[in-house]
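For reference, the structure discussed in these notes is given below.
The values are calculated or read from the model by the stated rules, or taken from the named source; none is laboratory data. Keep in mind the model is a prediction, meaning the values are calculated, not measured. Note that we place each Cβ from the backbone using ideal geometry, even for glycine, and neighbour counts take in every protein chain shown. Each accessible area value is taken on the protein alone, full model and side chains, heavy atoms only, with ligands, DNA and RNA left out. Shrake-Rupley method; radii C 1.70, N 1.55, O 1.52, S 1.80 Å.
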Amino acid sequence: MKITSDFLVIGTGIAGLSYALKVADQGTVSLITKRDIDVTATQLAQGGIATVYSDEDSFADHVRDTMIAGANLPHPDIVKLVVESGPKAIADLIDWGVHFSRNQDNQYDLTREGGHSHRRILHAKDATGREIERALVEAASKHPNITLYQYHIAVDLITESKLQKKPLAQNRCLGAYILDIKKNEVYTFGAHFTVLATGGAGKVYLYTCNPDISTGDGVAIGWRAGAAVANMEFMQFHPTTLYHPQAKSFLISESVRGEGAILRRRDGYAFMPAYHHQKDLAPRDIVARAIDNEMKKYGDDCVFLDITHKSADYIRDRFPMIYRTCLDYGIDMTKEPIPVVPAAHYLCGGLQVDKNGETCIRNLFAIGEVACTGLHGANRLASNSLLEGVVFAKLAAETSLQRCSENYPPLPAIELWDSGSATDSDEEVVVAHNWDEIRRAMWNYVGIVRSDKRLHRAMSRINLIQEEIIEYYWNFHVTSDLIELRNITTVAELIVRSALLRKESRGLHYTIDYPQTNTEQPPQDTVLSGAAN
Ligand code: SIN
């Protein structure tokens, strides 16, 4: 089956939905998602969205905080662009129906997180992402030009260079092959503009607070089609996810620390002042490494987050979702500290894009966590990512619409997907086993503290698994699990290759072989050109 539309948007978090809403008045949109529309990382975002809002704050301060958190690797022009676009992006969200929390004076309530010098984070209690997703899903569902395809997963992109053997320098994206997961059929989705808004890749690691869908699909399919990736070594570990045998890495928002919570060892000692002058509100890489160090030094399984000095009424009102979830696991955060550990949270690198969100393949855009725009550098400042998603969705949409208004070449004929002589696999266990092995190797060897020896160890396992995947991929029908395994393995390889290239410690990439930051040369992005190059 072949489906053609003007815009193909893969992913239904804040970036994908914002783009779809911006372009839908001008053309048809196919909106693809692997599960139900609201199963996204956006939906799980707790803390909020950063923007300069109060009179005491300034764009210059937000830019400075982003540069410092990102260990001077963020691109100053992009940081300025995103920060200065903040108030307009918030206005768009409010227009689409998002309700942010207000204080007693009916003003928007601003919270704080690590690395921010001011209160500048708009939030909806402690479930900001859920409120944003609700409003955007509602708006997109009402739009007659948007057709939603749930339980569909992208297999690969369709490009002119593959189809017509055109040189890569003139490569253009023409859409994607998409698997209908329920019917087990691959469809050809042709489109003038293809947008990867597939989110992050936390599932590359054994422990993550990301949803199950975060398998780095966009990075992997973009890379296979020839798009470059940048800064893949910078995986952010969130310092505080709930430590409980039954909890599947539930996030305890950094805004809990923003409102005064203190990290303590088992013996009650508050350790963060020994690591950084901003104490519990130091940038995330520093807090996660401090926790990792304390746990290793004292042989503890977790540390504790203590907000019991605040009134119970305040805690229940400000953090209702976290309070209820902890209580479900038998922890009353109004009376006792919460046991926490770090877990993989946010990929700061991704497909390299320009200031319009476009990759090096024409008409292929990447927006949201899948992209490396230059905003986050070596460590993302908390709550900058929802903002980046809306801002770059708008820039990508404007670029697409501008091109639409020009005399644009029609889509060439596109071949339908051919599954050749593939058969159904009789050994699904291979996929499950490899999936587990990759994630374990990444956690053990490519985590918060790295070394060349550990990275090489991870790479040799990844290479073996890749050989098996190739064999599997060509011999058996594609399934959603196989596509995701292939993608996390590609992303794991890109993370390790990039980490091996960075001969210094900077931000989230800390290696015992090169513990210092290189201050002799200007900071450099780690760029790998796409697999098709
Ligand atoms: C949090 O609420 O701690 C997560 C916010 C973010 O990662 O930006």
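What percentage of the solvent-accessible surface of region 244-403, computed with a 1.4 Å probe over protein heavy atoms, is contributed by carbon and sulfur atoms?
Values: 2780 of 5580 Å².
The nonpolar share, carbon plus sulfur, comes to 50 percent.
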(message) To check you understand DSSP bridge types, tell me what percent of the beta bridges within the chain (both residues inside) are antiparallel, rounded to 5.
(response) 60
(request) Could you rank 520, 138, 160 by how accessible they are, 1.4 Å probe, largest area first? (result) 520, 138, 160
(message) Just the number please: accessible area per residue for the chain, 1.4 Å probe, all protein chains included, in Å².
(response) 39
(message) Whole-Hz ³J(HN,Hα) for each residue in region 179-187, computed from phi via Karplus 6.51 cos²θ - 1.76 cosθ + 1.60 with θ = phi - 60°, x for glycine and proline: what do you get?
(response) 8, 7, 5, 6, 8, 6, 10, 9, 9
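Please give the FRET efficiency for residue 312 paired with residue 26, using the beta carbon to beta carbon distance and R0 = 45 Å, rounded to the nearest 0.05.
0.30
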(request) Rounded to the nearest 500, what is the 222 nm mean residue ellipticity of the chain from helices alone, with -39500 (n - 2.57) per DSSP H run of 4+ residues and division by all residues? (result) -11500 deg cm²/dmol
(message) Please enumerate, by chain and number, the aspartates and glutamates with C-alpha under 17 Å from the C-alpha of residue 453, excluding those fewer than 8 residues away in the same chain.
(response) 233, 493, 504, 513
(request) Rounded to whole Hz and in sequence order, give me ³J(HN,Hα) for region 107-112 from the Karplus expression 6.51 cos²θ - 1.76 cosθ + 1.60, θ = phi - 60°, writing x for Gly and Pro. (result) 8, 4, 7, 10, 10, 10
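Tally up the carbon and sulfur contribution to the accessible surface of region 35-154 as a whole percent, 1.4 Å probe, everything protein left in place. Don't skip to the end; give the middle numbers.
Working: 2560 of 5220 Å².
Carbon and sulfur atoms account for 49 percent of the accessible area of region 35-154.
Quick one: which of 225-235, 205-215 comes out on top by average Cβ neighbours within 10 Å, and what's the full order, highest first?
On the way: 225-235: 26.0, 205-215: 22.6.
By packing density, highest mean first, the sequence is 225-235, 205-215.
Kindly give Rg over Rh for region 1-90, based on alpha-carbon atoms, with the Kirkwood expression for the hydrodynamic radius. Intermediate results must be reported in sequence, preceding the final value.
Details: Rg = 17.0 Å, Rh = 15.7 Å.
Rounded to two decimals, Rg/Rh equals 1.08.
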(message) Under 5 Å between amide hydrogens, which residues at least 5 positions from residue 236 or on another chain qualify, with H placed 1.01 Å from N in the peptide plane?
(response) 345, 346, 347, 348
(request) Tell me which residues come under 5 Å, amide H to amide H, from residue 214 once H is placed; ignore anything under 5 positions away on its chain. (result) 203
(request) With label points built 7 Å along Cα→Cβ from the Cα atoms of residue 276 and residue 404, find their separation and express it in nm. (result) 4.2
(message) List residues of region 1-36, by number, whose backbone nitrogen lies under 19 Å from a label position 7 Å along Cα→C-beta of residue 142.
(response) 14, 17-27, 29
(message) Please list, ordered by chain and number, the residues whose modelled amide H lies under 5 Å from the amide H of residue 340; skip anything fewer than 5 residues away on the same chain.
(response) 243, 303, 304, 305
(request) Figure the gain on full extension for residue 428 and residue 468 (residue separation times 0.36 nm, minus the Cα-Cα span) and round it to one decimal in nm. (result) 13.1 nm
(message) Could you check the spin-label model distance between residue 94 and residue 532? Points 7 Å from the Cα along Cα→Cβ, value in nm.
(response) 4.3
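If you count, for each residue, the other Cβ atoms within 10 Å and average over each peptide, how do 194-202, 318-326, 260-268, 24-32 line up from highest to lowest?
Working: 194-202: 32.8, 318-326: 18.7, 260-268: 17.1, 24-32: 20.2.
The most tightly packed comes first, giving 194-202, 24-32, 318-326, 260-268.
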(message) For a Förster distance of 30 Å, can you work out the FRET efficiency between the beta-carbons of residue 3 and residue 460, rounded to the nearest 0.05?
(response) 0.10
(request) May I ask for the net charge around residue 356, where only other residues with Cβ less than 14 Å from the Cβ of residue 356 are counted and Lys, Arg are +1 while Asp, Glu are -1? (result) 0
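As a quick test, which of the pairs 80/125; 355/394; 248/297; 80/394 have an alpha carbon distance above 18 angstrom in this structure? Could you put the intermediate results ahead of the total?
On the way: 80/125 28 Å; 355/394 11 Å; 248/297 25 Å; 80/394 16 Å.
Beyond 18 Å between Cα atoms: 80/125; 248/297.
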